[in-house]
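The next block holds one structure in the form of structure tokens; read it before the comments.
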Amino acid sequence: MNDSIFVTQPSMPPLDEYVEYLKEIWESKWLTNNGKFHRQLEKELCDYLGVKYVSLFSNGTLALLTALQALRITGEVITTPYSFVATSHALWWNNIKPVFSDIEPATLNLDPEKIEAAITPLTTAILAVHVYGNPCNTDRIKEIADTYGLKVIYDACHTFGVKVKGVPVLNFGDLSVMSFHATKVYNTFEGGAIICHDEAMKKRIDLLKNFGFAGETTVIAPGINAKMNEVQAAFGLLQLKYVDEAIAKRKRIFSYYCQHLKGIKGVTYMDEMPGVEHCYSYFPVFINEGEFGRNRDYVYEELKKINVYTRRYFYPLISQFPAYRGLESAAAGKMPVAEKVTEEVLCLPIYPDLNYSTIDSIIGKLKVFGSGS
Ligand code: T4K
């Protein structure tokens, strides 16, 4: 491959259409702070996603930080080690202790059956992630949360428009947090959102992302500045027109990978799940060294030699980073499923404009590496 191929590439709408939005921003001189496009995007996203309230943010990390503040979470929170660091960082920044719990092999999300053992008198919430957009076992997590009086926050940063049996996954839990970063299925350059289910909570979140202002001279909470600006919101409105097409293209690429990876010994992947409408945000494969004959890092390095830059999402586990590894719940051997998966995972490129000949080259290489030559 002459050009570098990355794990993802942002979808871009036609520039001339974006320029029309920019002209309006230039004329109005309204750049941020709940502008016209911001209000319109919140409304259109509610309709598209099938949720009651969307509060836009400048990025997903600030949305996570604010979600924890909005629910007044303190003490300890049970969370997954198998995610992007921002998930646990949001707890640290709120002075909350992350308590890691193992994941389940089928979805790579928090294993509900292991959550109860991690609950202590200080536990106030569960922060779960729908990793790669695969839905958590939300029914079981709700049962546990209700039994112990815990709040549930879903990090839905990989989850755009995902439904389970027709129900948007964003409707589960007390709050869900989204990311609209450049690397996501739907992007606003950078961006994010909190999804909530009642008006009072929407008001609280909106206050918190705007320094806590409840009026020109009234500040009722120590808020932050996490507002999405008009340039991002306008881009988001335009992106929404093309997102179905982008997801359809991703689905075709996903199916192509699944079809052609079948039968390569030692390489497994996560197929579509029954009853789930996916968004195909990532395409992770898992290299079992014993069966494949090479380890994951070998494949990662060899693909780089043909200009294919895969990513090891999520290696290392969050619990293995210096900031977290001193925690009791992070001790080696405590989360065998996550510890195995993090050594085997490799995310292959997936994005709407990915060339099928590139996919053929990647699969061809995997077949060659696996045959031991
Ligand atoms: N929770 C979860 C579960 C998350 O996955 C994330 C973010 C968050 C919370 C926090 O949301 P944000 O605050 O980010 O909204 C990337 C993204 O920066 C990050 O948003 C994402 N998760 C994470 C999984 O991946 P990196 O360090 O791998 O990004 P980077 O810059 O290496 O990009 C990956 C590849 O994408 C590049 O090799 C090339 C391509 N790329 C990237 C950018 C930025 C482009 O083609 N164009 C671009 O503009 O973290």
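Figures for the structure shown
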item: Candidates ALA117, ALA128 - the one that is on the phi < 0 side of the Ramachandran plot and open to solvent by 10 Å² or more (accessible area, probe 1.4 Å); result: ALA117
item: Members of the range 243-272 that are open to solvent by 70 Å² or more (accessible area, probe 1.4 Å) and touching a residue at least 60 places away in the same chain (Cβ under 8 Å); result: GLU245, LYS265
item: Residue count for the range 79-108, restricted to those that are away from the ligand (no atom under 16 Å from the Cβ) and either in a strand (DSSP E or B) or at pLDDT below 95 (or both); result: 2
item: Residues of the range 34-68 satisfying the condition of being more than 16 Å from the ligand (Cβ to nearest atom), outside any helix (DSSP H, G or I) and either open to solvent by less than 20 Å² (accessible area, probe 1.4 Å) or not assigned by TED's automatic domain parsing to the domain that holds GLY173 (or both); result: GLY35, VAL51
item: Among residues of the range 185-194, those that are in contact with a Cys (Cβ under 9 Å, 6 or more places away or on another chain) and either more than 13 Å from PHE160 (Cα to Cα) or within 7 Å of the ligand (Cβ to nearest atom) (or both), counted; result: 1
item: Number of positions in the range 307-338 that are out of contact with any Phe, Trp or Tyr (no Cβ under 6 Å at 6 or more places or on another chain) and open to solvent by 50 Å² or more (accessible area, probe 1.4 Å); result: 14
item: Test result for ARG325, without any contact (Cβ under 8 Å) to a residue 40 or more places away in the chain and either more than 17 Å from the chain's Cα centre (by Cα) or not in a helix (DSSP H, G or I) (or both); result: yes
item: Residues of the range 72-99 that turn out to be open to solvent by 10 Å² or more (accessible area, probe 1.4 Å) and either of a type outside the set (Ser, Thr, Tyr) or in contact (Cβ under 8 Å) with a residue 60 or more places away in the chain (or both), as a count; result: 14
item: Any hit, the range 4-17, residues being in contact (Cβ under 8 Å) with a residue 60 or more places away in the chain, surrounded by 17 or more Cβ atoms within 10 Å (Cβ to Cβ) and in a strand (DSSP E or B); result: yes
item: Single residue of GLY191, GLY275, GLY293 found to be surrounded by fewer than 14 Cβ atoms within 10 Å (Cβ to Cβ), on the phi > 0 side of the Ramachandran plot and of a type outside the set (Lys, Arg); result: GLY275
item: Matching option when the condition is on the phi < 0 side of the Ramachandran plot, within 16 Å of the ligand (Cβ to nearest atom) and not assigned by TED's automatic domain parsing to the domain that holds GLY50, among ILE306, ILE264, ILE247; result: ILE306
item: Candidate set from the range 161-184 (those that are within 12 Å of the ligand (Cβ to nearest atom) and among the polar types (S, T, N, Q)); member that is surrounded by the fewest Cβ atoms within 10 Å (Cβ to Cβ); result: THR183
item: Some residue of the range 342-350 being in a loop (DSSP other than H, G, I, E, B) and closer than 27 Å to TYR256 by Cβ; result: yes
item: Residues of the range 132-151 satisfying the condition of being within 16 Å of the ligand (Cβ to nearest atom) and either aliphatic (A, V, I, L, M) or in contact (Cβ under 8 Å) with a residue 60 or more places away in the chain (or both); result: TYR132, GLY133, ASN134, PRO135
item: Residues that are open to solvent by less than 20 Å² (accessible area, probe 1.4 Å) and touching an Asp or Glu at 6+ places or on another chain (Cβ under 8 Å), drawn from the range 142-160; result: ILE144, VAL152, ILE153
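The values are calculated or read from the model by the stated rules, or taken from the named source; none is laboratory data. Predicted, not measured: the structure shown is a model, and the values here were computed from it. Neighbour counts are summed over all protein chains in view; Cβ atoms, including those assigned to glycine, are modelled from backbone coordinates with ideal geometry. SASA here: full protein model, heavy atoms, side chains in, ligands and nucleic acids out. Shrake-Rupley method; radii C 1.70, N 1.55, O 1.52, S 1.80 Å.
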